[in-house]
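**Student:** Starting off with a structure, shown below.
The values are calculated or read from the model by the stated rules, or taken from the named source; none is laboratory data. None of the values given here were measured: they were computed from a predicted structure. In this analysis, Cβ positions are derived from the backbone assuming ideal geometry, glycine residues included, and neighbour counts consider all displayed protein chains.
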Amino acid sequence: MRTAARKPLAGVLMLPAVAFVSALAQTGPDTTPDVVARAAAAAPAIAPGKFQPTWESLRTNYVVPEWFLDAKFGIFMHWGLYAVPAHGSEWYEKHMYGNPGITRWQTEHFGPPDTFGYKDFVPMFTCAKWDPDAWAALFKQAGARIVIPTAEHHDGFALWDSAVNPWNAKRLGPQRDLIGDLARAVRRQGLKFGVSNHGIEHFSFIRPTPGLATDLYNTNWADFYSVADRSPAACEKFLADWVAQNAELIDQYQPDMLWFDNGVNARLFDPLKLKVAAYYYNRAAAWDKQVSLSTKGSGAAAGPAYLAGSILDFERSSRMPKERTDFVWQVDEPVLYRFGYTENSPIASAAGSVRLLVDATSKNGALLLNISPKADGTIPDDQQKLLRQIGAWLEVNGDAIYGTRPWTRSGEGGGRGFRFTTKGDTLYAIALSWPTNGAWITAVPSAVGKVTEVELLGHAGALGFSQDAAGLKIEVPAEKPGDYAYAFRIRGLKLK
């Protein structure tokens, strides 16, 4: 799905470059265009190449990577200091200082926030049982094609060996380059590797309850919390450092995807975002790699974070497109109630996860399934079981997912009906429930072409069928070839 220059790209929504104002767009620092401009002018310089820090340059030169169009399924993860308390959500830092209920819980379990602050979780984030090769093997077994860990969340703790941010996992806590170790392990399995960076939200993330005694203003920790000094000068340095940290991630790990959260959405930050994009895409050209940014933002109020040059991401399946789109996208969905690890959280079912993957694929999307590791570096057994169940389904049915492209319609029959994908002239009709009395597909009447063969993935031999002006009727075997969803391979049509 390559796109000619100067035409709308398959990976982005093309909206006017106007000032969007929304709650999503205001999660980054509250600052001014002058501060942003000075931060964008700071080092590092943009790597040489054809990409310039303009929307027009991105529109002209960006192409959605072929590997992304083929991959369809990836593992996302939220892993960081918030896994130590494992309470509430991955926003624990914000809430322990600003939510009275969480402050009480913090006080009862660890101490009041003036004597035990968020920084005191750093030495408890040991990752002592972490085995990146075991993780990578599990992700391979799950059928994932890309792995994207959170390199830095809103709390400002970097999981890589950073010269810019002294609050990092190589220097403190586990004293390991978690991003580097995982990148090497994942790539040994033949998978793509990306990173997500939520760090731009850190500057204004903590908003303490007025009058609460905390460690936030202690000069020893002020550079970690970004609360004591929120002056324009401090914000300028923070934003310049944000660009420099992205350059570190790009240069040190050559990510196949660089994913940003909502904090970058506001048009105010365009000079910073465009600089990072030009830097990234020019560096990738020097590596001879296809890479992409992926960013959030949807709806008339917010607009996308990037007006070009990015794959649009939707947080949670409730926000993903309801119909097939003419642009590619992905949805990030947590397996737990929250994105970060929390104790006693319910977990998604394999059936629901597989059906979400099928639904997203049929609508020109992809699924990033978010897992939630523990602070000791282990992935809980129930999450591992879920990933293996998905992998077992893909082992049988992956031909209807990997490398496919959407059909002219995404499906029929609602939540228990069919979803369609294509590969060349082959049509896949994936049943979201077992069609006990035979599969009846009204989208494939004789008027669309003559079907010559129908197979069911996981079942040996062709199936009996009949086709007329009303549709395609497929005879199904007595035994189901698996669980969750069932892929029929339909041949003979001449698909556009």
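Results for (1) on the phi < 0 side of the Ramachandran plot; (2) free of Cβ contacts under 8 Å to residues at least 40 places away in the same chain; (3) aromatic (Phe, Trp, Tyr), shown as yes or no for each residue.
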{"site": "Trp91", "(1), (2), (3)": "yes, no, yes"}
{"site": "Met96", "(1), (2), (3)": "yes, yes, no"}
{"site": "Gly111", "(1), (2), (3)": "no, yes, no"}
{"site": "Met124", "(1), (2), (3)": "yes, no, no"}
{"site": "Ala136", "(1), (2), (3)": "yes, no, no"}
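**Student:** May I ask you to say which residue of Asp229, Asp251 is closer than 20 Å to Trp287 by Cα, among the acidic types (Asp, Glu) and at pLDDT 95 or above?
**Tutor:** Every option except Asp251 fails the conditions.
**Student:** Hand me the list of helices (runs of 4 or more DSSP H) wholly inside the stretch 71-145 holding 3 or more residues that are more than 30 Å from Trp393 (Cα to Cα) and more than 21 Å from the chain's Cα centre (by Cα). Break it down into steps so the answer makes sense when it comes.
**Tutor:** Numbers: elements: 92-98, 100-109, 132-141.
So the answer is 92-98, 100-109.
**Student:** Count, please, the residues in the stretch 47-64 that happen to be surrounded by 19 or more Cβ atoms within 10 Å (Cβ to Cβ) and in a loop (DSSP other than H, G, I, E, B).
**Tutor:** Matching residues across the stretch 47-64 total 3.
**Student:** Of these, Asp155, Asp161, Asp114, which one is farther than 24 Å from Glu248 by Cα, of a type in the set (Asp, Glu) and modelled with pLDDT of 95 or more? Spell out how you get there, then give the answer.
**Tutor:** Numbers: Asp155 fails: farther than 24 Å from Glu248 by Cα; Asp161 fails: farther than 24 Å from Glu248 by Cα.
Going through Asp155, Asp161, Asp114 in turn, the sole match is Asp114.
**Student:** Taking Thr209, is it in a strand (DSSP E or B) and either aliphatic (A, V, I, L, M) or farther than 18 Å from Asp223 by Cβ (or both)?
**Tutor:** So Thr209 does not fit the description; no.
**Student:** Quick one: Ser318 ticks every box in (1) polar (S, T, N, Q); (2) crowded, with 23+ Cβ neighbours inside 10 Å; (3) out of contact with any strand residue (DSSP E or B) (no Cβ under 9 Å at 6 or more places or on another chain) except a single one, so which number is it?
**Tutor:** Every condition holds for Ser318 apart from (2).
**Student:** In the stretch 286-307, which residues are in contact with a Phe, Trp or Tyr (Cβ under 8 Å, 6 or more places away or on another chain) and modelled with pLDDT of 95 or more?
**Tutor:** Correct list: Gln290, Val291, Ser292, Leu293, Ser294, Thr295.
**Student:** So for the stretch 353-368 (the condition being in the same structural domain as Ala144 (by TED's automatic domain parsing), among the β-branched types (Val, Ile, Thr), in a loop (DSSP other than H, G, I, E, B) and crowded, with 20+ Cβ neighbours inside 10 Å), does at least one residue qualify?
**Tutor:** The answer is no; no qualifying residue exists.
**Student:** Filter the strands (runs of 3 or more DSSP E) completely within the stretch 403-496 down to those with at least 3 residues that are touching a residue at least 60 places away in the same chain (Cβ under 8 Å) and either surrounded by 14 or more Cβ atoms within 10 Å (Cβ to Cβ) or not assigned by TED's automatic domain parsing to the domain that holds Pro65 (or both).
**Tutor:** Hits in the stretch 403-496: 418-423, 426-431, 486-491.
**Student:** Got at least one residue in the stretch 118-136 being buried (at least 22 other Cβ atoms within 10 Å of the Cβ), small (Gly, Ala, Ser) and within 29 Å of Gly365 (Cβ to Cβ)?
**Tutor:** So far as the stretch 118-136 goes, yes, one or more of its residues are buried (at least 22 other Cβ atoms within 10 Å of the Cβ), small (Gly, Ala, Ser) and within 29 Å of Gly365 (Cβ to Cβ).
**Student:** Okay, moving on. Mind counting the residues in the stretch 157-182 that are assigned to a loop (DSSP other than H, G, I, E, B) and surrounded by fewer than 24 Cβ atoms within 10 Å (Cβ to Cβ)?
**Tutor:** Final tally of qualifying residues: 15.
**Student:** Oh, and also: Does Leu58 fit the bill of being within 25 Å of the chain's Cα centre (by Cα), closer than 22 Å to Arg316 by Cα and aliphatic (A, V, I, L, M)?
**Tutor:** Working: within 25 Å of the chain's Cα centre (by Cα): yes; closer than 22 Å to Arg316 by Cα: no; aliphatic (A, V, I, L, M): yes.
It is false that Leu58 is within 25 Å of the chain's Cα centre (by Cα), closer than 22 Å to Arg316 by Cα and aliphatic (A, V, I, L, M).
**Student:** Can Glu152 be described as out of contact with any Leu (no Cβ under 9 Å at 6 or more places or on another chain), acidic (Asp, Glu), touching a residue at least 24 places away in the same chain (Cβ under 8 Å) and surrounded by 17 or more Cβ atoms within 10 Å (Cβ to Cβ)?
**Tutor:** Criteria not met by Glu152.
**Student:** Sticking with this one: Would you check if Ala233 is farther than 23 Å from Leu81 by Cβ, part of a helix (DSSP H, G or I), without any contact (Cβ under 8 Å) to a residue 24 or more places away in the chain and not aromatic (Phe, Trp, Tyr)?
**Tutor:** Judged against the criteria, Ala233 is a match.
**Student:** Of the conditions (1) surrounded by 23 or more Cβ atoms within 10 Å (Cβ to Cβ); (2) more than 23 Å from Thr126 (Cβ to Cβ); (3) in contact with an Asp or Glu (Cβ under 7 Å, 6 or more places away or on another chain), Phe203 fails just one. Which one is it?
**Tutor:** Of everything listed in (1) surrounded by 23 or more Cβ atoms within 10 Å (Cβ to Cβ); (2) more than 23 Å from Thr126 (Cβ to Cβ); (3) in contact with an Asp or Glu (Cβ under 7 Å, 6 or more places away or on another chain), Phe203 misses just condition (3).
**Student:** Continuing with the same structure: Restricting to the stretch 378-388, count the residues that are buried (at least 18 other Cβ atoms within 10 Å of the Cβ) and touching a helix residue (DSSP H, G or I) at 6+ places or on another chain (Cβ under 8 Å).
**Tutor:** Going through the stretch 378-388 one residue at a time, the tally reaches 3.
**Student:** For the stretch 249-271, give me each residue that is touching a strand residue (DSSP E or B) at 6+ places or on another chain (Cβ under 9 Å) and not in a helix (DSSP H, G or I).
**Tutor:** Taking the stretch 249-271 as the starting set, the residues that turn out to be touching a strand residue (DSSP E or B) at 6+ places or on another chain (Cβ under 9 Å) are 249-250, 253-262, 264-265.
Listed by number, the residues that qualify are Gln254, Pro255, Asp256, Met257, Leu258, Trp259, Phe260, Asp261, Asn265.
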